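These notes concern the structure reproduced below.
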Amino acid sequence: MIDDRERERVRWRCRRGLLELDLLLKQFLERHYAGLTDRERAAFVRLLDLPDPELLDYCNGVSRPEDSELQALVGKIIQ
Amino acid sequence: MTPPIRRFDAIVVGAGGAGLRAALQLSEAGLKTAVVSKVFPTRSHTVAAQGGIGAALGNMGEDHWLWHMYDTVKGSDYLGDQDAIEFLCRTAPEVVIELEHYGLPFDRNDNGTVYQRPFGGHSANFGEKPVQRSCCAADRTGHAMLHTLYQRNVWAKTQFFTEWMALDLIRDPSGQVLGVIALEMETGEVSILHSRATIFATGGAGRIYASSTNAFINTGDGLGMAARAGIPLEDMEFWQFHPTGVAGAGVLITEGVRGEGGFLLNKNGERFMERYAPNMKDLASRDVVARAMATEIKEGRGCGEHGDYVLLKLDHLGEERIEKRLPGIREIAKKFANVDPVRDPIPVVPTAHYQMGGIPTNYHGEVVAPKGSNPEAPVPGFYAAGECACASVHGANRLGTNSLTDLVVFGREAANSVIEFLQENPGHKDLPGDAADRTLARLARLDGQKNGERVADVAAELRRTMQAHCGVFRFPDLLAAGVQKIKRVAERVARTEIKDKSKVFNTARVEALELDNLIEVATASMVSAAARQESRGAHDRSDFPKRDDVNWLKHTLYFKEQYRLEYKPVHLKPLSVEPFEPKARTY
């Protein structure tokens, strides 16, 4: 039940100011979220705390996060 | 049962550029101010504004607010209120300099002044030549604005209710607005936010269209709340579209693709632009291309299961040229259309971008509605600014870079009006006993619904209906059928059911409540569009191809009750200068 609400909370935080991120994050949630480890889920929460333009740059390959866990997540988001 | 009550001097609903600018003004004036936002403030859709903020600073050469005003009036196709437009353009330089002082990192010239970029539609000397008027912070002006204003609000002790959704407006029997009913997502609890004044800055509602550039949060919550509270919506037939967005996603494909030699195909593989524009073909102007695409789709030559898009072919350009000349397009197509344009065409469709209409206000940000013989009587205690409001500075079509200008000019002005109102109206007025009843009944209906329909299904039908019947180019038969169809969708919205009944972070409930708002905006847009028998600005009709100033130089007012329409005059008289008389619009 706690997991279920946590997923809902994360789902809402995937609502962004930029449409591109809404679309990519929605797809990521549907395809990958259920299979993430606890550690990856924690990293995903960190990723969602980033400002939209920075997150979009990562997704567009304009720049790369230094944190390797975030890097791995971005890889899954854009695959 | 009465929900818990929290009291504030002022409540701002929405934390984009307009809401944050308004809240800052209120908090700095020492008022106890609350901002209610569905998402964290810096994730508002203002972040998507890249073009900059228009203001006649004259940093790059001679410029004048009157020239900016001329461009805005002309851009509005003469439907904009000229008093409000004068106010916008005269105030713009001041609010930009204020933002600079707040620390917004604008790009700069060598002499230290704010750098200004050229932007389409902006001219010097009444259309004589282009002028550089757009102030930018790289391509992140919207983000920089949000960040700057949010920080400053934190210092000013604005109280943020983040991940709260306002559900309904509270009005007393005299019609005065006394705050909102709001839902805290974390707990699912409903509260009354009781205020002496309320500002809506809830943004646009582009999500009424199947293809929209708007973020998912843009569900027109403020417009829905206003409509349910008996307040009219103004000029909702005017929606700005972009000709080529990825079908089903809404992400834009730059017009540069056609410039490089890409062209459009219908389901028969025909290069249809050759029929509509034999000389210019796919390089014809934006509105000609958008009309042609809409006509192909209407006449059954669209592609896909629903026949609701066309194809943009560019594989003939070759991989090397696509990579070199159209950077990013291949990635966008792969990510959002699941096609590699080096091999396959991209499904595209005209895509909604910006809502010119909204909650009617005067140029002081006061919400106005007809009362007796006055078509514009202020609604006491109620204010609106930004895309949710209709001042009306954009009229029938918005000029690029004026959206950010609108946010800060009218965000600040609405707050100044509140400050003045509160000086004259001390204390909180009593809440009506039934303040929350209607909202609680709506929530109870949703929770108790049996054998209802899925929110996602009804929302999809709403969006398809708007896209097919009230899109970029409008046909009388489709509009008439669209009015009937959207009324049937409204009946289905009233019967939605959610499976998840939990209180804590129930996003299904939030999405059902958003649909309640979307349907108000959609219905207002469809009904208003079907009634306006002319083409003006973004409202483009196949059966009335010309602007008709004799009969239609007037604002539409849509009332939810019985889908009623009224009209009110355009303010053709500016505040201090001579009017700009309606003329044919050529660029």
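Data table
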{"item": "Among residues of the stretch A:1-26, those that are surrounded by 13 or more Cβ atoms within 10 Å (Cβ to Cβ), within 9 Å of chain B (Cβ to nearest Cβ) and among the aliphatic types (A, V, I, L, M), counted", "result": "5"}
{"item": "Test: residue in the stretch A:27-43 that is in a helix (DSSP H, G or I), within 11 Å of chain B (Cβ to nearest Cβ) and of a type outside the set (A, V, I, L, M, F, W, C)", "result": "yes"}
{"item": "Yes/no for residue B:137 being within 14 Å of chain A (Cβ to nearest Cβ) and out of contact with any strand residue (DSSP E or B) (no Cβ under 6 Å at 6 or more places or on another chain)", "result": "yes"}
{"item": "Odd one out for residue A:48, checked against (1) touching a residue at least 24 places away in the same chain (Cβ under 8 Å); (2) of a type in the set (A, V, I, L, M, F, W, C); (3) surrounded by 15 or more Cβ atoms within 10 Å (Cβ to Cβ); (4) more than 12 Å from every other protein chain (Cβ to nearest Cβ)", "result": "(4)"}
{"item": "Selection within the stretch B:31-71 - of a type in the set (S, T, N, Q) and under 17 Å from the mean Cα position of the chain (by Cα)", "result": "B:37, B:44, B:46, B:50"}
{"item": "Flag for residue B:418 being within 30 Å of residue B:499 (Cα to Cα), among the β-branched types (Val, Ile, Thr), at pLDDT 95 or above and more than 19 Å from the chain's Cα centre (by Cα)", "result": "no"}
{"item": "Test set (1) at positive phi; (2) crowded, with 22+ Cβ neighbours inside 10 Å - residue B:361 fails condition number", "result": "(1)"}
{"item": "Test for residue B:439: is it assigned to a helix (DSSP H, G or I) and under 22 Å from residue B:179 (Cβ atoms)", "result": "yes"}
{"item": "Within the stretch B:305-314, considering residues that are surrounded by 15 or more Cβ atoms within 10 Å (Cβ to Cβ), closer than 16 Å to residue B:246 by Cβ and not hydroxyl-bearing (Ser, Thr, Tyr), the one farthest from the other protein chains (Cβ to nearest Cβ)", "result": "B:313"}
{"item": "Single condition residue B:243 does not satisfy, out of (1) modelled with pLDDT of 95 or more; (2) closer than 27 Å to residue A:17 by Cα; (3) in contact with a Ser or Thr (Cβ under 9 Å, 6 or more places away or on another chain)", "result": "(1)"}
{"item": "Whichever residue in the stretch B:185-230 is on the phi > 0 side of the Ramachandran plot and surrounded by fewer than 24 Cβ atoms within 10 Å (Cβ to Cβ) and, among such residues, is nearest to the other protein chains (Cβ to nearest Cβ)", "result": "B:188"}
{"item": "Selected residue (only one of B:15, B:34, B:56 is away from chain A (no Cβ under 14 Å), in contact with a Pro (Cβ under 9 Å, 6 or more places away or on another chain), buried (at least 24 other Cβ atoms within 10 Å of the Cβ) and farther than 24 Å from residue B:538 by Cα)", "result": "B:56"}
{"item": "Single condition residue B:50 does not satisfy, out of (1) within 14 Å of another protein chain (Cβ to nearest Cβ); (2) in a helix (DSSP H, G or I)", "result": "(2)"}
{"item": "Index of the failed condition, residue B:297 passing every other in (1) buried (at least 18 other Cβ atoms within 10 Å of the Cβ); (2) at pLDDT below 95; (3) closer than 22 Å to residue B:269 by Cα", "result": "(2)"}
{"item": "Residue check for residue B:325: within 14 Å of chain A (Cβ to nearest Cβ), at pLDDT below 95 and in contact with an Asp or Glu (Cβ under 9 Å, 6 or more places away or on another chain)", "result": "no"}
{"item": "Selection within the stretch B:498-533 - away from every other protein chain (no Cβ under 14 Å) and surrounded by fewer than 18 Cβ atoms within 10 Å (Cβ to Cβ)", "result": "B:531, B:533"}
{"item": "Unique residue being modelled with pLDDT of 95 or more and within 19 Å of residue B:402 (Cα to Cα) when the list is B:151, B:159, B:82", "result": "B:82"}
{"item": "Residues (part of a helix (DSSP H, G or I), touching a Gly at 6+ places or on another chain (Cβ under 9 Å) and surrounded by 24 or more Cβ atoms within 10 Å (Cβ to Cβ)) located in the stretch B:72-87", "result": "B:72, B:73, B:75, B:85"}
{"item": "Positions within the stretch A:27-45 being acidic (Asp, Glu) and loosely packed, with under 13 Cβ neighbours inside 10 Å, in sequence order", "result": "A:30, A:38"}
{"item": "Number of positions in the stretch B:536-587 that are outside any loop (DSSP other than H, G, I, E, B), hydrophobic (A, V, I, L, M, F, W, C) and either in contact with a helix residue (DSSP H, G or I) (Cβ under 9 Å, 6 or more places away or on another chain) or within 15 Å of residue B:237 (Cβ to Cβ) (or both)", "result": "4"}
{"item": "Helices (runs of 4 or more DSSP H) enclosed by the stretch B:242-354 - at least 3 residues per element that are in contact (Cβ under 8 Å) with a residue 12 or more places away in the chain and of a type outside the set (Ser, Thr, Tyr)", "result": "B:256-259, B:286-298, B:319-325, B:329-332"}
{"item": "Residue check, residue B:278 within 14 Å of chain A (Cβ to nearest Cβ) and surrounded by fewer than 19 Cβ atoms within 10 Å (Cβ to Cβ)", "result": "no"}
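The values are calculated or read from the model by the stated rules, or taken from the named source; none is laboratory data. Since we're looking at a predicted model, the values are computed, not measured. All Cβ positions, glycine included, derive from the backbone under ideal geometry; neighbour counts span all protein chains shown.
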